[in-house]
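The values are calculated or read from the model by the stated rules, or taken from the named source; none is laboratory data. Here the structure is a predicted model, which means the values were calculated and not measured. Note that we place each Cβ from the backbone using ideal geometry, even for glycine, and neighbour counts take in every protein chain shown. Accessible surface is based on the protein model in full, side chains and every heavy atom, while ligands, DNA and RNA are left aside. Shrake-Rupley method; radii C 1.70, N 1.55, O 1.52, S 1.80 Å.
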Amino acid sequence: MAKKDAPPRWDRKMQQRLARGEFYDRFASLVHGLAHRVLEDDQAADSVTREVFTHVWEHPDAYDPKTGPLRTWVAALTHRLAVQRLRATGTAALTDEDGGASAAELELKVRHASVAARADYIVQSMPAPLRAALDLAYFQRRDYRQTAADLGVTEDEARRRLRLGLQLLSTAHDAGASGAPPEYGGAA
């Protein structure tokens, strides 16, 4: 029988991974990339990255495996902290004597950053075949026939991958258009 004060087994495993640096190695690029996408500033993204990992270190029990994947929870935490930082710096700019952005412009910037961060997360979470098809079509300007040839798949399969990838990406815009921050697995 376990002691009442002992942390749950999941918390102990997370603490062990944190102590060994595995958690950082696994999620650092995701966290920094999302933070940078929202903030458009390396130093601010570095700061948010530290905040995220500090929060996880200090509160390993904040993640509940029943709510969704750990990657999703980390992305949601990163997004929330980055948007808080963006709003705080934007609000500070509004109070400066020389003006700065209006509150409406600031909220629009936050909304655009949220859509961009969600799109980045969606692309990074896609299965490799979908990501490869989108990369060829978008960045290398290939049509579906060229994409099929480059990937060694049928034209129908290339169209299916492109359609599915674009459908997934469209959800990033839909969430941002509503003005609501993107949800990553229900954790905030």
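For this structure, a couple of remarks:
- Ranked by how many other beta carbons lie within 10 Å on average, peptides 34-41, 144-151, 61-68 from highest: 34-41, 144-151, 61-68
- Heavy-atom accessible area order for Phe139, Phe53, largest first, 1.4 Å probe: Phe139, Phe53
- Carbon-plus-sulfur accessible fraction, region 130-170 (probe radius 1.4 Å, protein heavy atoms only): 50%.
- The modelled label-to-label distance for the pair Thr171/Asp61, using points 7 Å beyond Cα in the direction of Cβ, is 3.2 nm.
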